[in-house]
Amino acid sequence: MKLKLACIASFLVSLPAFAGDVTIGNLTTQAQFRALSEDLGAALSYKPLTPAAPLGVLGFDMGVAVTTTKLENSAVLKQAGGGDHSSVATPTLRFNLGLPLGIDAGAMYGAIPGTNIRLVGGELRYAILSGGVAEPAIGLRGSYTKLTGVDQLELNTRGVDVSISKGFAIFTPYAGVGKVWVSSTPVGVPLFAKESFSLNKVFVGANLNLGVVNIALEGDRTGDATSYGVKIGFRF
């Protein structure tokens, strides 16, 4: 266990740092504020990284994840002070717990290294179908994330998606579609107005449970931004 934790810590330390704190006052137009809000909304919206099948009462899925999102407006992030990068990596700590009636609850915390961007979020998921030998699992999820740490910006996302998965021994592919609603409010910057908008979402992934370790891989398209994620941990 100590070796695994050391490897995870080493991996997180090796992630690229994004120099500087995001400052909304560095932007000059409402269009730039909207573009930054779209990129952050897509990057920081909830990424499932788990199949649709319920965990069962007191089952759990916990691990460390990293999601990399290709930015559509990287020049705006640079102007805002977030660094000159075409994509951002967001490492997160995640925990999902199985509850009665086919319900799973999840929580996560993350940050973009080298910036003042922090992230908290969670999900509730209901298994419409629990899945079995002959049938897939289908889950309906509601999710929420909130950006913290940026004094001049209040941003949160709310999401709904439906996903399907089918297990084959230790391998479980899954896919889903949904919608993300983004609310982005400038704080103390009178030049800009609040932006509220929705983004379409589609994702595909695969979960590999090796018993002593669980690995999930996922590709996500939210709005115009593409993200790729990996989670390493334990699922029982």
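The values are calculated or read from the model by the stated rules, or taken from the named source; none is laboratory data. Since this is a predicted model, take the numbers as computed values, not measurements. A quick note on method: Cβ atoms are made from the backbone with ideal geometry, for glycine too, and the neighbour counts reach across all protein chains shown.
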Determine, yes or no, whether GLY41 is crowded, with 16+ Cβ neighbours inside 10 Å, modelled with pLDDT of 50 or more and in a loop (DSSP other than H, G, I, E, B).
no
What residue, among those in the stretch 47-64 that are among the hydrophobic types (A, V, I, L, M, F, W, C), touching a residue at least 60 places away in the same chain (Cβ under 8 Å) and surrounded by fewer than 21 Cβ atoms within 10 Å (Cβ to Cβ), is farthest from LEU199 (Cα to Cα)?
PHE60
Sole residue being touching a strand residue (DSSP E or B) at 6+ places or on another chain (Cβ under 9 Å), at positive phi and free of Cβ contacts under 8 Å to residues at least 40 places away in the same chain, chosen from GLY131, GLY142, GLY149:
GLY149
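Scan the stretch 67-79 for residues that are touching a strand residue (DSSP E or B) at 6+ places or on another chain (Cβ under 9 Å) and either surrounded by 19 or more Cβ atoms within 10 Å (Cβ to Cβ) or under 17 Å from THR29 (Cβ atoms) (or both) and jot them down. Give the steps one after another, and end with the answer.
As a first pass, look at the stretch 67-79 and keep what is touching a strand residue (DSSP E or B) at 6+ places or on another chain (Cβ under 9 Å): 67-72, 74, 77.
Those that are touching a strand residue (DSSP E or B) at 6+ places or on another chain (Cβ under 9 Å) and either surrounded by 19 or more Cβ atoms within 10 Å (Cβ to Cβ) or under 17 Å from THR29 (Cβ atoms) (or both): THR67, THR69, LEU71, GLU72, SER74, LEU77.
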Would you call VAL212 modelled with pLDDT under 95 and more than 29 Å from GLY20 (Cβ to Cβ)?
yes
Residue count, the stretch 80-108 (criterion: in contact (Cβ under 8 Å) with a residue 60 or more places away in the chain and touching a strand residue (DSSP E or B) at 6+ places or on another chain (Cβ under 6 Å)):
5
Looking at (1) in contact with a helix residue (DSSP H, G or I) (Cβ under 9 Å, 6 or more places away or on another chain); (2) not in a strand (DSSP E or B), can you tell me which one PRO190 breaks?
(1)
I need the full set of residues from the stretch 99-115 which are of a type outside the set (A, V, I, L, M), buried (at least 19 other Cβ atoms within 10 Å of the Cβ) and at pLDDT 95 or above, in order please.
GLY102, ASP104, GLY106, GLY110
Step by step: first the residues of the stretch 186-228, then only those that are of a type in the set (Val, Ile, Thr) and touching a Lys or Arg at 6+ places or on another chain (Cβ under 6 Å), then the one that is farthest from GLY139 (Cα to Cα). Which residue is that?
THR226
For the stretch 166-187, how many residues meet the condition of being in a strand (DSSP E or B), hydrophobic (A, V, I, L, M, F, W, C) and out of contact with any Leu (no Cβ under 9 Å at 6 or more places or on another chain)?
3
Among the residues of the stretch 200-235, the number that are free of Cβ contacts under 8 Å to residues at least 60 places away in the same chain, out of contact with any Pro (no Cβ under 7 Å at 6 or more places or on another chain) and either of a type outside the set (A, V, I, L, M) or in a strand (DSSP E or B) (or both) is 10
Output the residues belonging to the stretch 196-221 that are of a type outside the set (S, T, N, Q), surrounded by 14 or more Cβ atoms within 10 Å (Cβ to Cβ) and touching a Gly at 6+ places or on another chain (Cβ under 9 Å).
PHE197, LEU199, LYS201, PHE203, VAL204, GLY205, ILE215, ALA216, LEU217, GLU218, GLY219, ASP220
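Find the residue count for the stretch 143-165, including only residues that are assigned to a strand (DSSP E or B), of a type outside the set (D, E, K, R) and surrounded by fewer than 18 Cβ atoms within 10 Å (Cβ to Cβ).
Of the stretch 143-165, the ones assigned to a strand (DSSP E or B) are 143-148, 153-165.
From the residues that got through so far, the ones that are of a type outside the set (D, E, K, R) too are 143-145, 147-148, 153, 155-157, 159-160, 162-165.
From what is left, the residues that are surrounded by fewer than 18 Cβ atoms within 10 Å (Cβ to Cβ) are 144, 148, 160, 162.
Qualifying residue count, the stretch 143-165: 4.
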Listed by first then second residue, the pairs whose first member lies in the stretch 169-195 and is at pLDDT 95 or above and surrounded by 12 or more Cβ atoms within 10 Å (Cβ to Cβ), whose partner is part of a loop (DSSP other than H, G, I, E, B) and not polar (S, T, N, Q), with beta carbons under 6 Å and at least 6 positions apart or on separate chains, are THR172/PRO51; TYR174/PRO51; TYR174/ALA52; THR185/LYS194; PRO186/PHE192
